[in-house]
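The values are calculated or read from the model by the stated rules, or taken from the named source; none is laboratory data. None of these values were measured; they are calculated from a predicted model. Reconstructed Cβ throughout: ideal geometry from the backbone, glycine too, with neighbour counts over all protein chains shown.
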2 protein chains.
Amino acid sequence: MISRLPEGLTTPALVVDVDVLEGNIARMAEAGRGGGFALRPHAKTHKCPPIAERQRAAGAVGLTVATIGEAEVFAGQGFTDLFIAYPLWADGDKARRLRRLAETVSLRLTADSADGARQLGAAVRGADRPVELLVEIDSGHHRTGVAPVDAAAVGKAAADAGLDVRGVFTFPGHGYGYGPQARAQAARDEERALTEAAEALRAAGLAADVISGGSTPTAALADQGAVNELRPGVYVFNDATQIALGSCTPDDLALVAAATVVSTPAPDRFVLDTGSKVLGTDVTPWVTGHGYLPDFPDASITALSEHHATVVLPEGTKTPPLGSRIAVAPNHVCSAVNLVDELVITRQGEIVDRWAVAARGANA
Amino acid sequence: MISRLPEGLTTPALVVDVDVLEGNIARMAEAGRGGGFALRPHAKTHKCPPIAERQRAAGAVGLTVATIGEAEVFAGQGFTDLFIAYPLWADGDKARRLRRLAETVSLRLTADSADGARQLGAAVRGADRPVELLVEIDSGHHRTGVAPVDAAAVGKAAADAGLDVRGVFTFPGHGYGYGPQARAQAARDEERALTEAAEALRAAGLAADVISGGSTPTAALADQGAVNELRPGVYVFNDATQIALGSCTPDDLALVAAATVVSTPAPDRFVLDTGSKVLGTDVTPWVTGHGYLPDFPDASITALSEHHATVVLPEGTKTPPLGSRIAVAPNHVCSAVNLVDELVITRQGEIVDRWAVAARGANA
């Protein structure tokens with residue numbers, strides 16, 4: 001938990017407690033060593049090289065990113081092993097940028113269609129070093145990815161297009177759905193789907209030595225049988241959703257939005273200056289309202305506009321006075337971080353640094 | 001309506017049709033002249049000086065902004081009449097920055113408490129020119145603002161603190177709520193609350209010559225009786241919510257997200273690369289899903305992750321092939337614009353410019 005907010009901080013701002021952050025990174029690294037899986041953390045959560053450096057120092061084998069733009073930022077900061085875990089359609093400018101990346105880092109890509117795989121192969125053809133490919137598998141989230149049984153067709157198209165097929169990956173996003181108990185089911189689904197897909201690749205004479213799975217909610221739960229790599233992102237900071245899902249406690253919150261009470265229009269209601277342009281508007285069925293207030297755990301942010309958060313207090317709770325500084329954990333920390341230029345880094349409530357969100361807005 | 005997306009555009013990107021944009025600006029300016037109200041458009045929507053310049057050229061008397069940071073950006077671009085329509089708590093660094101602004105532009109502020117008004121007065125005390133204040137009134141949105149009957153107490157505190165009290169303002173945000181029919185009711189509520197509040201100020205011996213109201217949904221509807229200034233923002237671009245509310249038609253969309261089909265996992269379903277990090281995650285009860293697709297008006301974005309939009313098509317609709325470029329109007333354009341570094345400016349489907357979202361992330 002953020003020990004306390006820095007005195008006199010200009011709000012709204014996103015504040016990181018670096019001790020909690022480093023504890024979260026160490027704990028996930030330990031889970032990886034204990035569970036026998038490599039960690040390739042998702043950098044979309046933080047978009048921030050000093051955090052990626054801490055993940056690398058703790059043993060991460062590389063980074064996962066979502067876009068070519070994010071890969072370019074981290075490549076520019078000396079990160080040399082990058083997985084763009086997104087089924088890119090690599091035409092035009094994206095093809096040229098992928099080719100350039102393939103010349104400078106160990107690049108891993110993915111596809112969930114034979115056509116997509118051929119596009120990727122064409123984009124990076126002739127690069128000095130091999131470009132790896134994992135086939136994306138749908139393990140139950142029903143977003144992108146092929147059914148395990150269809151993995152071989154995509155893998156063969158990729159291999160024919162000159163890519164170095166190494167295995168399979170999935171995002172068990174349904175671990176965020178259908179209630180907190182979904183986590184264990186999603187972890188089982190992930191294991192089964194990836195195992196099946198890897199077997200399909202091997203049966204087609206392709207390699208399947210990388211079996212890459214999930215996410216912060218499922219990381220600690222999987223029967224890690226076949227899965228040998230995990231890509232959690234949110235765990236570095238945690239957020240209101242992870243608390244609600246039970247994958248962390250409020251003590252594990254390394255990031256909060258610092259807010260000021262700007263209006264006290266009614267006895268049970270006050271307004272903070274942390275609106276949707278700092279917290280994001282992500283909602284989930286497991287979190288009541290638009291964020292979690294560690295100092296008012298029973299309060300609820302009932303409405304969020306761009307620069308206002310309306311907080312309703314339980315009966316009998318004393319409203320904080322105008323000008324008070326209050327911490328709010330966002331519902332989805334990845335969205336919040338992408339809304340600010342920098343993170344305010346604190347230790348024991350003192351500001352010790354400011355870190356640029358270097359890959360902010362690197363959407364393409 | 002965006003006539004067509006530029007060929008070969010790297011996606012995701014936010015694309016503006018400058019002809020539609022200029023038409024929207026001209027139409028609102030005409031409504032102001034016809035209705036006898038001044039326009040002080042809200043720049044939080046676009047955060048973009050070339051658009052503010054067009055609003056000024058069309059007759060806007062000044063700009064509205066939400067934060068000191070936005071005011072600083074527009075002041076730096078030569079905009080000299082700025083209303084920060086937010087009940088700032090002006091301590092520390094914010095007090096210093098407000099004082100600096102007060103020396104360089106005609107500054108208008110607001111408060112919804114006597115304490116807040118005194119803080120503002122203390123912050124700008126001794127500035128060369130008078131700083132105006134409008135009392136914020138709650139006209140039914142129940143966010144910030146005082147009841148009309150309490151306007152005089154805030155106004156008197158502001159006047160005693162040396163501010164130039166000029167009148168009242170409200171945001172009739174409930175015009176976005178309770179179904180499209182709420183617009184007319186919100187416009188009536190606004191008129192009544194502001195009239196009452198202005199009378200309260202006058203009865204206390206204070207000026208009330210500025211009666212400043214609403215928003216894009218209510219702008220065209222108000223019986224503009226007492227209201228003599230409006231602050232719409234969204235109208236420059238429009239969005240899926242405005243279409244659903246009936247305050248514009250799809251032809252008035254000046255901004256869309258350009259997306260690429262990256263996955264076609266099922267016959268009735270495809271995935272676009274415009275996720276929540278470009279569209280925002282704002283939802284309203286009046287819009288089904290996470291955006292409006294002008295070329296597939298009956299389709300629905302049923303799920304949105306950070307870099308994926310899952311589109312479900314009505315039965316019998318042909319899925320667009322992988323690599324197709326598709327336009328998506330965001331649910332809430334203010335959130336979307338704040339997620340990108342620049343807008344791609346087009347005319348007849350050709351890129352003619354790129355405009356920086358200069359006040360992006362100016363949250364404080």
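Quick notes on this structure:
- Tally, over the stretch B:22-54, of residues that are closer than 16 Å to residue B:356 by Cβ, away from chain A (no Cβ under 14 Å) and under 14 Å from the mean Cα position of the chain (by Cα): 3
- Meets criteria (in contact with a His (Cβ under 6 Å, 6 or more places away or on another chain) and of a type in the set (Gly, Ala, Ser)) for residue A:140: yes
- When residues in the stretch A:140-165 are screened for being of a type outside the set (Asp, Glu) and within 13 Å of another protein chain (Cβ to nearest Cβ), 10 of them pass.
- Some residue of the stretch B:230-239 being more than 30 Å from residue B:5 (Cβ to Cβ) and of a type outside the set (S, T, N, Q): yes
- Condition met for residue B:354 (closer than 24 Å to residue B:249 by Cβ and among the charged types (D, E, K, R)): no
- Residue in the stretch A:1-26 that is surrounded by the fewest Cβ atoms within 10 Å (Cβ to Cβ), counting only those that are of a type in the set (Ser, Thr, Tyr) and modelled with pLDDT of 95 or more: A:10
- Filter result (part of a helix (DSSP H, G or I) and either within 16 Å of residue B:237 (Cβ to Cβ) or among the aliphatic types (A, V, I, L, M) (or both)) within the stretch B:25-52: B:25, B:26, B:27, B:28, B:29, B:31, B:49, B:50, B:51, B:52
- The criterion of being away from every other protein chain (no Cβ under 14 Å), loosely packed, with under 14 Cβ neighbours inside 10 Å and either touching a helix residue (DSSP H, G or I) at 6+ places or on another chain (Cβ under 9 Å) or at pLDDT 95 or above (or both) holds for residue A:353.
- Screening the stretch B:284-306 for residues that are within 14 Å of chain A (Cβ to nearest Cβ) and surrounded by fewer than 19 Cβ atoms within 10 Å (Cβ to Cβ) and picking the one that is farthest from residue B:238 (Cα to Cα) gives B:302.
- Some residue of the stretch B:107-114 being over 30 Å from residue B:326 (Cα atoms), touching a Gly at 6+ places or on another chain (Cβ under 6 Å) and within 13 Å of chain A (Cβ to nearest Cβ): yes
- Residue A:88 meets all of the listed conditions (1) closer than 19 Å to residue A:356 by Cα; (2) within 14 Å of another protein chain (Cβ to nearest Cβ) but one, namely (1).
- The set of residues in the stretch A:307-324 that are within 10 Å of chain B (Cβ to nearest Cβ) and surrounded by fewer than 22 Cβ atoms within 10 Å (Cβ to Cβ) comprises A:321, A:322, A:323, A:324.
- Leading residue by the ranking (nearest to the chain's Cα centre (by Cα)) among those in the stretch A:244-277 that are at the interface with chain B (Cβ under 8 Å from one of its Cβ atoms) and either β-branched (Val, Ile, Thr) or surrounded by fewer than 24 Cβ atoms within 10 Å (Cβ to Cβ) (or both): A:260
- Selection status of residue A:303, in contact (Cβ under 8 Å) with a residue 60 or more places away in the chain, outside any loop (DSSP other than H, G, I, E, B) and not hydroxyl-bearing (Ser, Thr, Tyr): no
- Among the residues making up the stretch A:326-337, those that are within 10 Å of chain B (Cβ to nearest Cβ) and of a type outside the set (Gly, Ala, Ser) are A:331, A:332, A:334.
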